[in-house]
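For reference, the structure discussed in these notes is given below.
The values are calculated or read from the model by the stated rules, or taken from the named source; none is laboratory data. Treat the numbers as computed from the prediction; the structure is a model and nothing was measured. A quick note on method: Cβ atoms are made from the backbone with ideal geometry, for glycine too, and the neighbour counts reach across all protein chains shown. SASA here: full protein model, heavy atoms, side chains in, ligands and nucleic acids out. Shrake-Rupley method; radii C 1.70, N 1.55, O 1.52, S 1.80 Å.
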Protein chains: 2
Amino acid sequence: MNPLIHSWPGHEPLAAAIASRVHGEIAPVSLRRFPDGETYVRLMTLPKDRDVILVCGLEQPDDKVCGLLFAADAARECGARRVGLVAPYLAYMRQDARFNAGEAITSRTFARWLARAIDWLVTMDPHLHRYRALDEIYPIPTAIASSTTPIARWIVENVAQPLIVGPDEESAQWAAAIAGRVGCPWIVLHKDRHGDRDVAVSVPDITAWPGHTPVLIDDIISTARTMAAAAQRLRQLGAVPPVCIGVHALFCGDALPTLRAASPGVIATCNTIRHQTNAIDVTSEIAQAAADLHARVQTAL
Amino acid sequence: MNPLIHSWPGHEPLAAAIASRVHGEIAPVSLRRFPDGETYVRLMTLPKDRDVILVCGLEQPDDKVCGLLFAADAARECGARRVGLVAPYLAYMRQDARFNAGEAITSRTFARWLARAIDWLVTMDPHLHRYRALDEIYPIPTAIASSTTPIARWIVENVAQPLIVGPDEESAQWAAAIAGRVGCPWIVLHKDRHGDRDVAVSVPDITAWPGHTPVLIDDIISTARTMAAAAQRLRQLGAVPPVCIGVHALFCGDALPTLRAASPGVIATCNTIRHQTNAIDVTSEIAQAAADLHARVQTAL
């Protein structure tokens, strides 16, 4: 039997792209909250003896994790052969160490919950900083879709003489990969973080690239404080207004007005999280990674 | 070493009552949300080789379950011997069957999550309807504190000639137990539910108890539609305004004004969930059940 694809609201185009690659059937999942705040889940097509693929982004994870894990459990109880999760954004990757005694390393606990409920996981560019690979915390088959090619393509089409700029050391991996694909220079700034929203930035010499447009790239735009501080420092040094690119457009609270105030240039994000700044379509990269892992897991049996 | 007691906001008096019974130490837990909605948890006292008791009510469960399970995992990773949970209100007990094909039986999934993270569980009067005991779904030691005695005491002190009234068949267990303790008559109404908030009620003959004040008792006041409909039917039949008692004061949305509009009499609830209608103190019942199970689990080793 062909796989069933269940999409959470907003991910219908990605679900359709996966379905066409795995010859799957899009099937509705009914999700609602009872008045007391409990989550109700119903799979509208019974998955008996079929593979199930759940397509659910994990931004604002605490709101979603109960519904997602209830759906995965319901699929298994209703006879699904295998349950895969395609999460364009994967949460709880940033708390990857115990920085103070007694702290929860939430990335590990969260990974354990997911890995007990699902059989495989696909995401796009998870925040791998202290972990080098998802399998350090996820004991199930995983695959990572990369945004490097669609971002590089967008830069080639939209920026004449780009200088890729990573706003902090953690972003060096994205900056280097994308600059390599574009065939342009790249630098990385140095960030001092004093709190969730308080960030200072120092900039290396950029006079070596006159006439270049800085293209700031980060994996996650959350409060946008890091990118806003970087954009402001670049402008103080006389650069033209930078282009700001993010893979995952979390944009918490007043992040978008904050970034626009600091940087009047273009802001472009990938559509892993639906947002008004989405300009770079990564649907086919995620769908292909999902189809490939789905096929690989089939073959392994 | 004596046990560590971590209280979620609002449960400090219960935590203190447990601490005094188990010779425990109240220890703070730091809980907050990052701007992106992820939960941060830090145990401010390291629990190495100590028992840990978490005191966390589970009303609005999806908001709390991540923080609770992160705290339990952090305690274990920091060397706690055992982690117990005292949840004055236990969520996800009402979805106890698959009413439609493909539905998640969330009570079972939720119980599995909790039971993997904690070693024992104490709650007050969970909604046992199709399940007869918690151990049908919780594979860990559990204990149930009963509100029967404090509710009966409150009725004796506050209502002259009570007639205990259960608003529906599911409430017969509470109504019968409390009437038995008070030493007064009891009846149960018949409920037809047409939706989350749409309820019709039929009433048996109440003329057999002239001069009695109806005391409506239910375990959970959620939307209050059931209790409001029951109060209205009683008043149509000429009864004096009923007293309304609930064990767990969820009071979702406009539940309190709805109930007040239907029933001008006293509304009294137990303090398992903090609410302005709390009038019946059940702290010592829950604390004693927690101390007893804590001691029993110790002895079992």
(message) Among the residues that make up region B:56-64, is at least one of them hydrophobic (A, V, I, L, M, F, W, C), open to solvent by less than 10 Å² (accessible area, probe 1.4 Å), assigned to a loop (DSSP other than H, G, I, E, B) and within 18 Å of A:T39 (Cβ to Cβ)?
(response) yes
(message) Please go through region B:11-41 and give me each residue that is part of a loop (DSSP other than H, G, I, E, B) and open to solvent by 30 Å² or more (accessible area, probe 1.4 Å), ordered by number.
(response) B:H23, B:P28, B:F34, B:P35
(message) Exactly one of these conditions fails for A:M124: (1) within 20 Å of A:A143 (Cβ to Cβ); (2) open to solvent by 20 Å² or more (accessible area, probe 1.4 Å); (3) within 17 Å of the chain's Cα centre (by Cα). Give me its number.
(response) (2)
(message) Of the conditions (1) in contact (Cβ under 8 Å) with a residue 60 or more places away in the chain; (2) on the phi < 0 side of the Ramachandran plot, B:G10 satisfies every one except a single condition; which number is it?
(response) (2)
(request) Name the one entry in A:G265, A:G253, A:G211, A:G238 that is open to solvent by less than 30 Å² (accessible area, probe 1.4 Å) and either of a type in the set (G, A, S) or assigned by TED's automatic domain parsing to the domain that holds A:L85 (or both). (result) A:G265
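Here is a yes/no grid of residues against (1) open to solvent by 20 Å² or more (accessible area, probe 1.4 Å); (2) modelled with pLDDT under 95; (3) in a helix (DSSP H, G or I); (4) in the same structural domain as A:L250 (by TED's automatic domain parsing):
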| residue | (1), (2), (3), (4) |
| --- | --- |
| A:I53 | no, no, no, no |
| A:A75 | no, no, yes, no |
| A:G84 | no, no, no, no |
| A:R130 | yes, yes, no, no |
(message) Whether any residue in region B:104-112 is open to solvent by 10 Å² or more (accessible area, probe 1.4 Å), closer than 18 Å to B:D62 by Cα and not β-branched (V, I, T) is what I want to check.
(response) yes
(request) Could you tell me which numbered condition A:D219 fails, if it satisfies all but one of (1) surrounded by 20 or more Cβ atoms within 10 Å (Cβ to Cβ); (2) within 14 Å of chain B (Cβ to nearest Cβ); (3) without any contact (Cβ under 8 Å) to a residue 60 or more places away in the chain? (result) (3)
(message) Whether any residue in region A:168-183 is touching a residue at least 40 places away in the same chain (Cβ under 8 Å), of a type outside the set (V, I, T) and closer than 16 Å to A:T272 by Cβ is what I want to check.
(response) yes
(request) Answer yes or no: is there a residue in region B:282-300 that is surrounded by fewer than 17 Cβ atoms within 10 Å (Cβ to Cβ) and assigned to a loop (DSSP other than H, G, I, E, B). (result) no
(request) Answer with yes or no whether B:R296 is more than 16 Å from B:I155 (Cβ to Cβ) and either in contact (Cβ under 8 Å) with a residue 40 or more places away in the chain or among the polar types (S, T, N, Q) (or both). (result) yes
(request) From the list A:V83, A:V65, pick out the single residue that is under 24 Å from A:L4 (Cα atoms), at the interface with chain B (Cβ under 9 Å from one of its Cβ atoms) and of a type in the set (V, I, T). (result) A:V65
(request) Considering only region A:42-51, state which residues are in a loop (DSSP other than H, G, I, E, B) and within 11 Å of chain B (Cβ to nearest Cβ). (result) A:M44, A:T45, A:L46, A:P47, A:K48
(message) I'd like the residue in region B:87-105 that is farther than 23 Å from B:T142 by Cβ and hydrophobic (A, V, I, L, M, F, W, C) and, out of all such residues, is farthest from the chain's Cα centre (by Cα).
(response) B:A101
